[in-house]
Structures are given as C-alpha cells and as structure tokens.
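Below is one structure, written out as structure tokens; the observations come after it.
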Amino acid sequence: MVAFVIAVGVVFSILSNRPNSSKAIPSSVSAANGKAIVFNAGLKNKPVVDIWEDLQCPVCARFEQTNGEHIQKLITEKRAVVNFHLLSFIGPESILAANALACSADEDKFLALHKYLYATQGAENSGIWSNEGLISAAKEAGLSTSTFSSCVNSGKYTNWVSDVGDEGAAKGINSTPTVFVNGKELDRKTQYFDLAGFSAAVEG
C-alpha cells in the first residue's frame with residue numbers, strides 16, 4: 001500500500017508540474033477525438049485498428065514482438081488506419097515514455113521509437129525511462145533533434161497523456177494490450193500473439 005501511495009504521488013507530481021502542457025496536443029493525433037496517434041487518417045474502405053497499450057507493459061512488448069513489423073507494413077503500405085492509444089497506468093515512467101512517443105510523432109519518428117522502446121523494455125519503474133534515458137533511446141532510434149529533447153524535458157504532452165488515460169477508463173479499457181479491429185475487440189487467445197491470427201482478423 002505504501003508503494004502504491006508513493007507511485008500515485010509521483011504520477012501526480014509529474015502531471016501537476018507541467019504548466020505549459022495543458023493545451024498541447026501532438027501533431028499526429030486522431031482528428032476524431034484527439035486522443036490517439038493516428039496513421040493513415042482518412043483512408044477509405046480499409047480496416048481500422050485501435051491499439052491500447054502501456055509502454056511498460058511486458059505483454060504489450062510480446063504483442064509488438066509478434067505483430068509489430070506487420071503493423072508497420074499495414075501503415076506504410078496504406079492497408080489500414082492504425083490508432084495508437086498511449087496509456088500510463090503502470091506508473092510514472094509510463095507517463096514519461098508516452099510523452100516521449102508523442103514528441104517523436106511530431107518528428108515523424110513514432111514508429112522507430114515505439115519499436116526501440118519495446119525492444120529495450122526493462123523492469124517497471126526501474127529508472128530506465130527517465131527523460132534522459134528516453135532522449136538517449138531516441139538517439140539510438142535515429143532521433144536526436146533539439147526540439148525533441150526540449151519536448152521531452154518540458155513534459156509537453158503529459159496532460160494529453162492523462163486525457164488518454166481518462167478516455168481509456170471511460171471506455172472500460174482495464175488491461176493492456178487491448179486491440180480492436182473495426183470496433184470489435186480481438187480474441188486474446190487466438191489473435192493477439194499469433195501473427196496469422198492477427199493478420200486474418202485485420203484483413204480477413
């Protein structure tokens with residue numbers, strides 16, 4: 001219980017000490033509701049994939065390992081609309097990582113950093129994903145601009161990250177990953193961790 005209270009306190013501190021982030025929204029958010037990083041917005045007659053994830057979630061890393069390359073092809077080949085919903089319920093480093101990913105979206109490096117963070121995921125709230133650590137990770141993923149570093153260090157999108165969490169709670173998202181295709185949740189046993197099952201669910 002003490003650990004939980006400390007974690008909540010740290011999260012509150014992160015969210016409450018960002019005076020400049022109250023209205024900041026990443027450039028690649030969903031036009032529909034402003035709560036997801038969207039790829040191929042406006043693409044017609046294609047499947048819509050919604051991925052709810054926490055960057056510290058080990059099962060999310062497994063989902064990325066299984067399906068990440070295929071999802072990137074769906075995006076780059078314009079075969080699907082893909083919405084990434086960045087949740088942060090595991091703790092303060094989830095907030096920092098989600099903020100960094102939102103910053104990377106402004107630089108067109110979201111997919112590269114997303115892949116790298118899952119590939120190098122450590123123990124939850126272990127200190128790996130401080131702002132300094134995230135900036136270092138981004139350099140390894142090919143992103144080293146001063147605007148990105150400033151975005152991360154200022155916590156530009158932390159309030160937006162909190163809003164995404166509120167939306168997830170309102171929609172009853174209580175575990176990660178949670179994945180929908182055209183509004184229908186996929187079957188965790190057959191479609192999350194089997195590439196053939198996931199591919200069939202998306203494109204039939």
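Here are the numbers for this structure:
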item: Which listed pairs, of LYS109/LYS156; LYS139/LYS189; LYS35/LYS109, have C-alpha distances above 26 Å, in listed order; result: LYS139/LYS189
item: Segment LYS73-LEU195, extension gain: residue separation times 0.36 nm, minus the distance between their alpha carbons; result: 42.6 nm
item: By average C-beta atoms within 10 angstrom, highest first, the peptides 131-138, 48-55; result: 48-55, 131-138
item: Point-charge dipole on Cβ atoms (K/R +1, D/E -1) for segment 70-159, about Cα centre, debye to 20; result: 300 debye
item: Lys/Arg +1, Asp/Glu -1 at C-beta; segment 27-203 dipole; positive extreme among GLY197, PHE89, THR176; result: GLY197
item: Radius 13 Å from Cβ of CYS57, net charge of other residues (Lys, Arg +1; Asp, Glu -1); result: -4
item: D (Stokes-Einstein, µm²/s), Kirkwood Cα radius, the chain, 1.002 mPa s at 20 °C; result: 126 µm²/s
item: Antiparallel DSSP beta bridges within the chain, as percent of all bridges there, nearest 5; result: 60 percent
item: For segment 52-118, fraction of C-alpha pairs farther apart than 21 Å, in %; result: 19 percent
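We did not get these values from a lab; they are worked out from the coordinates using the rules stated. This is a predicted model, so every value here is computed, not measured. Cβ sites come from the backbone with ideal geometry, for glycine too, and all protein chains shown count toward neighbours.
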